[in-house]
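Notes follow once the structure below has been shown.
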Amino acid sequence: MALPSTALPGQLLGHTDKYLPGPGTHIHESQIYASIAGPVFSSPSSQSSSKGTSKSKLAPLISITRPPTSTDPGILGTNSGGGGTILPTVSSTVLARITRLGPRFASCEILVINNEVCREAFQGQIRREDIRATEKDKIRIEESFRVGDLVRGTVISLGDSGNYYVATDSNELGVVMARSGEGRLMFPVSWREFRDPVSGVAEPRKAAKPF
């Protein structure tokens, strides 16, 4: 498993047999996960021997740093480095975390815009009619998303009160990361279902087609 260039909170980074956890990460069941959003760095680590004169190599150290703010020297007015002034625009591809479910739409926080990590989350909504391109009259919000899901979508318009309308109505859009009711990361088995790798229990989702 290759390390991602950027990570979101809760994203799996690697096993403790291969890496050491650093700042911005945490361990759960021998797996290292991201605690914050930001660029992922892997750096060599070493440990002094008992004599203190030689060093033995250890697994690389994984760390995540928060994106720099727009007031940091050298980046004012830019949108590079994941922490400058970046805003969602129509047709932007975003990664968003589902925060609330309603009968007609799902609320979400936009965390990544066109592969750039946002310094602050933007509020978004995925309306029921924008979830799928077909069978729109049969769509149910609770069978498409759950709170905490990470969703890939595209911005289609600026909604009311600063909310961005996000759509997942194409094959490559939808849920890309989901946890089961027991807290384990699931894997997609079809365009409409994820499954717990341990219990085997399936849960409905609007799954994104993997790249």
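Looking only at the range 157-211, count how many residues are closer than 14 Å to Asp130 by Cβ, in a strand (DSSP E or B) and either among the aromatic types (Phe, Trp, Tyr) or in contact with a helix residue (DSSP H, G or I) (Cβ under 7 Å, 6 or more places away or on another chain) (or both).
So the count comes out to 3.
Any residue that is in contact with a Lys or Arg (Cβ under 8 Å, 6 or more places away or on another chain), of a type outside the set (D, E, K, R) and touching a residue at least 12 places away in the same chain (Cβ under 8 Å) - is there at least one of those in the range 124-133?
For the range 124-133, residues in contact with a Lys or Arg (Cβ under 8 Å, 6 or more places away or on another chain), of a type outside the set (D, E, K, R) and touching a residue at least 12 places away in the same chain (Cβ under 8 Å): present.
Considering the range 73-102 alone, what residues qualify as being in a loop (DSSP other than H, G, I, E, B) and modelled with pLDDT of 80 or more?
Once the filter is applied, which keeps residues that are in a loop (DSSP other than H, G, I, E, B) and modelled with pLDDT of 80 or more, the range 73-102 yields Ile86, Leu87, Pro88, Thr89, Val90, Ser91, Ser92, Gly102.
Residue by residue through the range 134-156, note down the ones that are part of a loop (DSSP other than H, G, I, E, B), free of Cβ contacts under 8 Å to residues at least 24 places away in the same chain and charged (D, E, K, R).
Glu135, Arg140
Counting only residues that are surrounded by fewer than 15 Cβ atoms within 10 Å (Cβ to Cβ) and under 21 Å from Ala7 (Cα atoms), how many does the range 139-180 have?
3
Just checking, how many residues over the range 103-130 are surrounded by 12 or more Cβ atoms within 10 Å (Cβ to Cβ), out of contact with any strand residue (DSSP E or B) (no Cβ under 8 Å at 6 or more places or on another chain) and part of a loop (DSSP other than H, G, I, E, B)?
Qualifying residue count, the range 103-130: 0.
Could you please let me know if Glu142 is closer than 24 Å to Leu185 by Cα and charged (D, E, K, R)?
yes
The values are calculated or read from the model by the stated rules, or taken from the named source; none is laboratory data. Fair warning: this is a prediction, and the values are worked out from it, not measured in the lab. In this analysis, Cβ positions are derived from the backbone assuming ideal geometry, glycine residues included, and neighbour counts consider all displayed protein chains.
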